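Shown next, in structure tokens, is the structure this report addresses.
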Amino acid sequence: MKVTEVMSAPAVCVPPGTTLAEAARLMDREGVGSVLVVEDGALRGIVTDRDLALRGLGGGAVRDSRVETVMSPRVVAVDAADDVHAAYRTFRRSGVRRLPVLDGDRVAGMLTVDDLLLDVFQRLADLLGPVAWSILEEPPGPPSAVVPPGDTATGG
């Protein structure tokens, strides 16, 4: 499976001149924990909610400071053609929680640890469904609404 099958797209991007306040509002509106800093189509850095809190406001920056002053310019990324297992290895080696996905020099999306967890949970559910069926001898889904006669636990 390719990273493009589990990534979020499009990635949320801002130019380097975006203010910290604008970036924070955008993260809130889009429900993301980071924005990619892009200039002339090229990835220049990443700003996370932690960067805003610690290097930004916690570091004495004002809300009108530019994101380029708090961004991390060295960005660990994966290629759009990479297999998801390469992304797992990259997450493990780098210790980051977000990986921009690049198609050449162009930002194709964002892959997060959460994206991979959702993939793992889906695979686990796909695996456990048939196992549960064979053990419980009951089809997957909500329990039957039929109550056996004389069932005292349900008042029948």
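The values are calculated or read from the model by the stated rules, or taken from the named source; none is laboratory data. Computed from a predicted model, the values in this text were never measured in an experiment. Every residue, glycine among them, receives a Cβ derived from its backbone with ideal geometry; neighbour counts consider all protein chains shown. Each accessible area value is taken on the protein alone, full model and side chains, heavy atoms only, with ligands, DNA and RNA left out. Shrake-Rupley method; radii C 1.70, N 1.55, O 1.52, S 1.80 Å.
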- Please list, in chain and number order, the residues 5+ apart from Glu39 or on another chain whose amide H is under 5 Å from its amide H, with Hs placed from the backbone. Arg44
- Query: What Kirkwood hydrodynamic radius do you get for the stretch 1-131 when you take the inverse of the mean 1/r over all pairs of distinct Cα atoms, in Å?
  - Reply: 15.5 Å
- Rounded FRET efficiency, nearest 0.05, which uses the C-beta distance separating Arg123 from Leu54 and R0 of 35 Å: 0.50
- Based on the Cβ-Cβ distance from Arg92 to Ala61, what FRET efficiency comes out when R0 is 35 Å, to the nearest 0.05? 0.65
- Quantify, in whole percent, the carbon and sulfur part of the accessible surface of the stretch 1-67 (1.4 Å probe; protein heavy atoms only). 49 percent
- Message: Testing the spin-label approximation: label points 7 Å from Cα along Cα→Cβ at Glu30 and Val76. State their distance in nm.
- Response: 2.1 nm
